[in-house]
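K.L.:
So that we are looking at the same thing, I have put the structure below in structure tokens.
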Amino acid sequence: MQAIEFTNPKEINIIDIPHAGAPGPGEAVVRTHRMGICGTDLSCYLGKFPFFAYPRTPGHELGLEVIAVGEGVTNVKPGDKCSLEPYVNDPSTIASQKGKSNACPNVQVIGVHKSGGLRKSNWIVPAHKLHPGNELSYDELALVETLAIGFHAVKRGNPQPGETVMVIGAGPIGLACLEFLKLMDLKVLVVDFARNRLDFCAEKLGIAHPIQAKPDGSHLAEIEKITEGGFCDVIIDATGHAGSMVQCFEYAAVGGRIVYVGITSQEITFPQAPFFHRRELSVLASRNALPADFPEIIDIIKAGKINLNNWITHRLDIADVPTEFDQFTDPATGAIKAVITVN
């Protein structure tokens with residue numbers, strides 16, 4: 001059966017992988033129906049992701065069908081439609097035992113550290129990492145993991161009713177944050193350089209304060225005006241850009257919380273006295289998501305509070321991945337979210 005292999009940086013091949021055998025205890029055999037393309041997949045393709053070794057089959061944002069379950073599996077059954085929680089943690093680590101499975105030092109992310117779901121053949125996953133959502137489409141289930149990253153970041157910021165919250169970066173993770181923030185009693189701002197993404201936030205998500213970033217930083221005056229000089233109680237930086245992650249201190253209110261959900265390999269330095277100390281700020285990291293986030297998100301989608309049809313702007317078939325995947329490395333493509341049909 002066909003599978004996609006990232007053979008080397010910027011080299012994609014179609015390979016044959018046999019169907020999985022019978023599941024062992026605690027395992028499930030699954031079939032991939034949809035895969036969402038995210039920034040991690042693009043970085044892996046380009047050779048820029050440090051934990052990705054070649055050759056490997058990508059795919060961690062997945063809408064799956066359960067084909068068979070092994071002994072002791074009770075959370076799913078054959079025929080269930082599921083989202084995958086791709087972070088396979090080591091339960092013996094201190095992080096896992098503290099309830100921080102997302103920060104487990106031995107975590108193996110399916111589709112990154114180990115081969116993932118961009119394959120037509122049936123394959124095996126740990127059954128407890130499957131979250132059923134039979135009322136949802138496979139498209140929706142494939143986007144739950146992206147939403148989970150934003151959901152966890154919002155929880156880390158812990159916005160309270162009446163507060164002002166800013167999201168910097170209107171890519172998929174920033175959009176995921178906005179989807180949950182708009183459901184709360186908050187003033188919400190979003191900052192990005194790309195006008196088309198800001199228009200999407202305003203028109204599709206109903207965000208009242210889209211702000212186009214300026215290279216010279218002059219958009220700070222607009223933020224100050226919108227917030228009546230109080231600035232933002234919570235700032236979620238989803239850019240992964242070191243410059244943005246430093247500049248955002250200027251947008252923070254007294255007692256504000258800055259959440260870094262984007263990742264950079266660069267060192268970050270910031271002005272300690274005029275902003276961090278003077279305004280008594282808190283800086284928080286947000287990594288991956290927790291198991292409990294997935295069923296919460298599935299319930300929110302099921303209740304009709306999030307319309308994921310707005311997100312999917314591009315589609316392709318698994319057979320077209322070798323020739324069409326590269327286009328999504330170019331922002332000019334204008335993709336909000338691209339989804340691959342697998343089966």
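K.L.:
Kindly indicate which of E145, E140 is touching a residue at least 60 places away in the same chain (Cβ under 8 Å), touching a His at 6+ places or on another chain (Cβ under 8 Å), buried (at least 22 other Cβ atoms within 10 Å of the Cβ) and not assigned by TED's automatic domain parsing to the domain that holds V29.
P.N.:
E145
K.L.:
Looking at this structure, is L316 closer than 24 Å to N196 by Cβ, modelled with pLDDT of 95 or more and either in contact with an Asp or Glu (Cβ under 6 Å, 6 or more places away or on another chain) or of a type in the set (A, V, I, L, M) (or both)?
P.N.:
yes
K.L.:
Same structure, new question: If I263 meets every condition in (1) in a loop (DSSP other than H, G, I, E, B); (2) in contact (Cβ under 8 Å) with a residue 24 or more places away in the chain; (3) within 16 Å of the chain's Cα centre (by Cα) apart from one, which number is that one?
P.N.:
I263 satisfies all of (1) in a loop (DSSP other than H, G, I, E, B); (2) in contact (Cβ under 8 Å) with a residue 24 or more places away in the chain; (3) within 16 Å of the chain's Cα centre (by Cα) except (2).
K.L.:
Got a sec? Which of I298, I336 is outside the structural domain of C248 (by TED's automatic domain parsing), more than 21 Å from S43 (Cα to Cα) and either among the aliphatic types (A, V, I, L, M) or loosely packed, with under 12 Cβ neighbours inside 10 Å (or both)?
P.N.:
Result of the check over I298, I336: I298.
K.L.:
In region 112-162, how many are in contact with a Ser or Thr (Cβ under 7 Å, 6 or more places away or on another chain), under 22 Å from H314 (Cβ atoms) and in a helix (DSSP H, G or I)?
P.N.:
Result for region 112-162: 3.
K.L.:
Any residue in region 10-36 that's closer than 29 Å to L308 by Cα and in the same structural domain as I318 (by TED's automatic domain parsing): show its pairings with residues that are of a type in the set (G, A, S) and surrounded by fewer than 18 Cβ atoms within 10 Å (Cβ to Cβ) at Cβ separation under 6 Å, as long as the two are six or more apart or on different chains.
P.N.:
If the second residue must be of a type in the set (G, A, S) and surrounded by fewer than 18 Cβ atoms within 10 Å (Cβ to Cβ), the pairs left are V29/A68.
K.L.:
Could you figure out which of (1) in a strand (DSSP E or B); (2) closer than 14 Å to T146 by Cβ isn't true of N288?
P.N.:
(1)
K.L.:
Return a yes/no flag: does region 32-41 have any residue that is in a loop (DSSP other than H, G, I, E, B) and more than 22 Å from G174 (Cβ to Cβ).
P.N.:
Checked region 32-41: no residue is in a loop (DSSP other than H, G, I, E, B) and more than 22 Å from G174 (Cβ to Cβ).
K.L.:
Considering A303, A238, which residue is closer than 18 Å to V190 by Cβ and of a type in the set (A, V, I, L, M)?
P.N.:
A238
The values are calculated or read from the model by the stated rules, or taken from the named source; none is laboratory data. For clarity, every value in this text was computed on a predicted model and none was experimentally measured. Reconstructed Cβ throughout: ideal geometry from the backbone, glycine too, with neighbour counts over all protein chains shown.
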